[in-house]
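Have a look at the structure below before the remarks.
The values are calculated or read from the model by the stated rules, or taken from the named source; none is laboratory data. This structure is a prediction, so every number in the text was calculated from the model and none was measured. Cβ placement follows ideal geometry from the backbone for every residue including glycine, while neighbour counts extend to all protein chains displayed.
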Amino acid sequence: MAIVHSDAPERTRTILIVEDEPAISGFVRRGLIFEGFDVHVADNGMDALARLRDTPPDLVVLDLMLPGIDGIQITQRIRAAEEAEGTPRLPILMLTARDAVADRVAGLDAGADDYLVKPFDFDELVARVRALLRRAMPTTGISQDVLTFENITLNLTSHTVERDGQMIELTPREFDLLAILMRHPNQVLTRQTLMQRVWGDDFYGESNVLEVVIGNLRRALEASDDTRVVQTVRGIGYVLRAQ
Ligand code: CA
C-alpha cells in the first residue's frame, strides 16, 4: 500500500477571541477548537493588545462593545501598527449588536474586514472565519495583474473582464469598482470607502451615483443569467460574495 504524503500539511491556525461575555466567548471558543483551530480568549482591550503583540494570531474575532478600550479602538491600533511596521493585514471579524448599523459602519471604516450581528449562528461564524483566512493566504504564483473571483477574471493590465470566458464590457468606473471589490472578496466595503476609492476624496454627499454604477455593473455581470455576486449590505455598503 502506497504511503501518500501531502505536500504541505496545513498549519493549525490561531484565532484570538476578544469578548467580555464569558457565555459567548466560551461558546465560540469550544466551537472553533472543535473545528481544528488553536484558540485564545481575551476579555478586555488591554489583554487583547498584549496578546496581539506577544503572540500574533491568524485572525481576530473582536467584540465591538468592550469595557475600557473598545473594538473600534483596538481595530484602529492594529491597522496603525500594520501601517507603521509594514506587517501583513490581520483579518478582523467584528461582533456587533443587533440594530446598531452605525456601529457596523464605524467598525468597517476603522478597518474590520467583516462583521456578524449578535446573536449569530456558529456555522455562519465559521464560514466567515474560513473565508477571511482563505483571502489572507499568500497567493504566490498568481499574477498580481489578474484578479479572479468564482468564474470572473479581471485583468488590470489589459483592462478586460471575463465571466465564464465571455468578455464583459464595462465603463472605466464600473471596472474600477469591480477591481476594488475583487481585491477584497468577502469583505464588506462601506459606501464611503467605495466612493473614496473610485471617485476620490472630494466626492461626498447623498448622491446615488454609486448605486447607479453598482446597478449597471450587476446588469453587465449577470447578462447571461449568472448568479449575483455584488451583494447589497443594507444601510452599510456592498460585498463581493457568492451566495
Ligand atoms: Ca461585549
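Is it the case that Asp109 is among the acidic types (Asp, Glu) and in a loop (DSSP other than H, G, I, E, B)?
no
Go through (1) in contact with a helix residue (DSSP H, G or I) (Cβ under 6 Å, 6 or more places away or on another chain); (2) surrounded by fewer than 15 Cβ atoms within 10 Å (Cβ to Cβ); (3) modelled with pLDDT of 90 or more one by one and return the number of the condition Pro22 breaks.
Failed condition: (1).
Among the listed residues Glu162, Glu174, which satisfies the condition of being of a type in the set (Asp, Glu) and surrounded by fewer than 17 Cβ atoms within 10 Å (Cβ to Cβ)?
Matching residue, one of Glu162, Glu174: Glu162.
Checking the conditions here, which among Glu174, Glu211 is charged (D, E, K, R), in a helix (DSSP H, G or I), free of Cβ contacts under 8 Å to residues at least 12 places away in the same chain and under 18 Å from Gly237 (Cα atoms)?
Testing whether each residue is charged (D, E, K, R), in a helix (DSSP H, G or I), free of Cβ contacts under 8 Å to residues at least 12 places away in the same chain and under 18 Å from Gly237 (Cα atoms) leaves just Glu211.
Could you check the range 67-104 and list, in sequence order, the residues that are buried (at least 21 other Cβ atoms within 10 Å of the Cβ) and either of a type in the set (S, T, N, Q) or assigned to a helix (DSSP H, G or I) (or both)?
Scanning the range 67-104 gives Gly71, Ile74, Thr75, Ile78, Thr96, Arg104.
Kindly establish whether Asp54 is surrounded by 15 or more Cβ atoms within 10 Å (Cβ to Cβ) and assigned by TED's automatic domain parsing to the domain that holds Ala106.
Details: surrounded by 15 or more Cβ atoms within 10 Å (Cβ to Cβ): no; assigned by TED's automatic domain parsing to the domain that holds Ala106: yes.
Criteria not met by Asp54.
Would you point out the residue of the range 25-51, among those that are of a type in the set (Phe, Trp, Tyr) and more than 16 Å from the ligand (Cβ to nearest atom), that is surrounded by the fewest Cβ atoms within 10 Å (Cβ to Cβ)?
So the residue we want is Phe34.
Could you identify the single residue in Asp164, Asp70, Asp99 that is at positive phi and within 16 Å of the ligand (Cβ to nearest atom)?
From the options Asp164, Asp70, Asp99, the qualifying one is Asp99.
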